[in-house]
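For reference, the structure discussed in these notes is given below.
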Amino acid sequence: MKPLKITIDVVAQKAGVSKTTVSRILNGNYAHTSEKTRNRVLQVMKELDYRPNALAKGLKSLRTDVIGILLSNLKNPFWATVLEGVEDACRASGYNLMICNSDEDPELEFQAIRQLQMRQVDGVVMNPTMRNPNLYRKLVEDAYPLVVMNRRVDDLGAQSVVVDNVKGASLAVEHLLRCGKRRPAVCYYANPGVTTWQDRVEGYRLAMKSHGYGEHDLRVVEAEQSPNAVKHAVLELMKKHPDTDAVFSTNNMMTLEVIEALKELGLRIPADVAVLGYDDTVWAKHMDPPLTTVRQPGYEMGKIAANLLIQSIRDGGHPAADPVVLQPELVIRRSCGWQSS
């Protein structure tokens, strides 16, 4: 039996709406549709794996000179630096940019990818939520131009640009130990699929063990990615281990709550507890005391990722090249008690 051809009429019939309603949603015109209707239509499209006919005929003949970027958390100021690199690369190559945010929600990520494809962008740079493995594989299988950045998706076969986060964490721990700290803890967000945070915790473990610490000496603090969760986790850490003399925060947004918790306990930074953050955001040097951080080359990450994508689009291929691995840098200020000689 010949398989059913999935058309806009099929989508409309299954969703119980008119063809015009489906067309409006495809074009991003939501003015005349309720959120309930829009979500129902998008769900049907997902179930049927529907795409507009023009896109299905091949992206190669439908160049729009627009690429998409899909980020996981636009609240994080690190991404402003990355976006600057992406925009500069696009501008230099005559491309425009569409920006989407998944907010770490896999369903929003799925919908964003579908919307970008429906709008016929030539390809996508993405920082994945890590919760849609089938979606990522499908993009690669369909030879859809894709570059993954920041988070590593193992065995995907797509181009990627990442930072050596194990090294970044090792730089952080080595600095804390050089500053005379003997009982440092590490704090990270609870999301088992995110390789950046996993690698930073692994770098902490390796650096500590290289200095003779055992597994029982490690202080690994996990916190949910929700308001005040980090603060409460640090308060519990200090209650359970009051001799903790340093906290390595693996995310810049997390660092603010770490500092808030320590100040609430009346602890001085760095005299009582040192703090070392990740991502050298613009406000780090304006903290009191100025914050020592691990700087990621965000601008370079964005620029390289965009250039790789544009080159892939122009070559009409989907090369599975080795990942581009960028190097982090320790930026020493005063939050760890370092005294320069």
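Throughout, read-outs are computed from the coordinates displayed, never taken from laboratory work. All figures in this text were calculated on a predicted structure; none of them were measured in a lab. A quick note on method: Cβ atoms are made from the backbone with ideal geometry, for glycine too, and the neighbour counts reach across all protein chains shown.
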| query | Regarding the stretch 165-295, what are the three Cα extents along the principal axes, ordered largest first, in Å? | reply | 32, 31, 28
| note | Listing V275, V247, V44 by rising number of other beta-carbon atoms within 10 angstrom, fewest first, gives V44, V275, V247
| In terms of Cα to Cα distance under 17 Å, which lysines are near enough to K14, apart from those fewer than 8 places away along the same chain? | K5, K36, K46
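If you place +1 on the Cβ of every Lys and Arg, -1 on the Cβ of every Asp and Glu, and leave all else neutral, what size is the dipole of the chain about its Cα centre, to the nearest 20 Debye?
780
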| Between helix 298-315 and the chain: long-axis angle, C-alpha atoms, 0 to 90°, nearest 10 | 30
| Sequence of W79, W338 once ranked by neighbouring C-beta atoms within 10 Å, starting from the fewest | W338, W79
| query | So what is the 222 nm mean residue ellipticity for the chain from helices alone, if each DSSP H run of at least 4 adds -39500 (n - 2.57) and you divide by all residues, rounding to the nearest 500 deg cm²/dmol? | reply | -13000 deg cm²/dmol
| query | So, with +1 on the Cβ of K and R and -1 on the Cβ of D and E, and no other charges, what is the size of the charge dipole of the stretch 78-228 about its Cα centre, to the nearest 20 debye? | reply | 580
| Helix 35-48 versus the longest principal axis of the chain: what angle, 0 to 90°, nearest 10, using Cα atoms? | 80
| remark: From the cross-link list K263/K285; K138/K167; K167/K209; K167/K240; K167/K285, the entries with a Cα-Cα span beyond 20 Å are K138/K167; K167/K240; K167/K285
| query | Magnitude of the Cβ-charge dipole of the stretch 103-166, K/R +1 and D/E -1, about the Cα centre, nearest 20 debye? | reply | 120
| Packing-based exposure ordering (other Cβ within 10 Å, fewest first) of R152, R63 | R63, R152
| message | As an exercise, find the ratio Rg/Rh for the chain from alpha-carbon atoms, using the Kirkwood inverse-distance average for Rh. | response | 1.05
| By how many degrees, between 0 and 90 and to the nearest 10, does the Cα long axis of helix 195-210 differ from the longest principal axis of the chain? | 30
| remark: the stretch 109-242: Kirkwood hydrodynamic radius (Cα pairs, Å) comes out at 17.2
| request: Positive end of the charge dipole of the chain (Lys, Arg +1 and Asp, Glu -1 on Cβ, about the Cα centre): tell me which of S72, M287, V273 has its Cα farthest that way. | output: S72
| Leading residue at positive end of dipole, the chain (Cβ point charges), from L97, A158, M301 | L97
